[in-house]
Amino acid sequence: TISVVIPAYNEEEHLESVIKSIRKVLENKLDYEIIVVDDGSTDSTLVVAKENKAKVFSHGCNLGYGRALKSGVKVAKYSDIIFFDGDDSFYADDILKLLKYADKYT
């Protein structure tokens, strides 16, 4: 079981594809949750996250990347956490590669 934390600030353009790619990779492989921490976005990041059924935590104003990561950890249901950027700069397939290095996922 893992929690995928996505800190996001004004990522409405990419967030839906990021969430969908994570779901595609993890679906039927293990239990997971996707948490989007909206860091005070002024666009529709929050709406996109909710529409894509991510667990959402929202900062009322921009508190920065580090604070968004910490907030995601606080609301994570699982103790194993992966951080994933909301700007589509990572490949979701790499999540499985990372998990191979953790003994309990091999």
- prompt: How many residues are of a type in the set (D, E, K, R) and assigned to a helix (DSSP H, G or I) if we restrict to segment 65-98?
  reply: 6
message: Against the condition within 23 Å of S79 (Cβ to Cβ), at pLDDT 95 or above and touching a strand residue (DSSP E or B) at 6+ places or on another chain (Cβ under 7 Å), how does S3 come out, does it pass?
response: yes
- prompt: Going through segment 43-79 one residue at a time, which ones are open to solvent by 20 Å² or more (accessible area, probe 1.4 Å), in contact with a Pro (Cβ under 7 Å, 6 or more places away or on another chain) and not aromatic (F, W, Y)?
  reply: L69
- request: Of the numbered conditions (1) surrounded by fewer than 16 Cβ atoms within 10 Å (Cβ to Cβ); (2) farther than 16 Å from D93 by Cα, K24 fails exactly one; give the number of that condition.
  value: (2)
Residue check for D31: out of contact with any His (no Cβ under 6 Å at 6 or more places or on another chain) and farther than 13 Å from N52 by Cα: yes
message: over 13 Å from Y9 (Cβ atoms) and without any contact (Cβ under 8 Å) to a residue 40 or more places away in the chain: which single residue out of E33, E51 fits that description?
response: E51
message: Six or more apart or on different chains, Cβ atoms under 7 Å: show the pairs whose first residue is in segment 76-104 and over 20 Å from V56 (Cβ atoms) and without any contact (Cβ under 8 Å) to a residue 60 or more places away in the chain and whose second is open to solvent by 100 Å² or more (accessible area, probe 1.4 Å) and not hydrophobic (A, V, I, L, M, F, W, C).
response: K100/T106
query: Quick one: would you say V5 is β-branched (V, I, T) and in contact with an Asp or Glu (Cβ under 7 Å, 6 or more places away or on another chain)?
result: no
Residues of segment 48-104 classified as more than 13 Å from D38 (Cα to Cα), of a type in the set (G, A, S) and at pLDDT 95 or above, total: 1
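The values are calculated or read from the model by the stated rules, or taken from the named source; none is laboratory data. The structure displayed is predicted, hence computed values, not measured ones. For neighbour counting, all protein chains shown are included, and Cβ atoms are generated from backbone atoms with ideal geometry for every residue, glycine included. Ligands, DNA and RNA are excluded from the accessible area calculation, which covers all protein heavy atoms including side chains. Shrake-Rupley method; radii C 1.70, N 1.55, O 1.52, S 1.80 Å.
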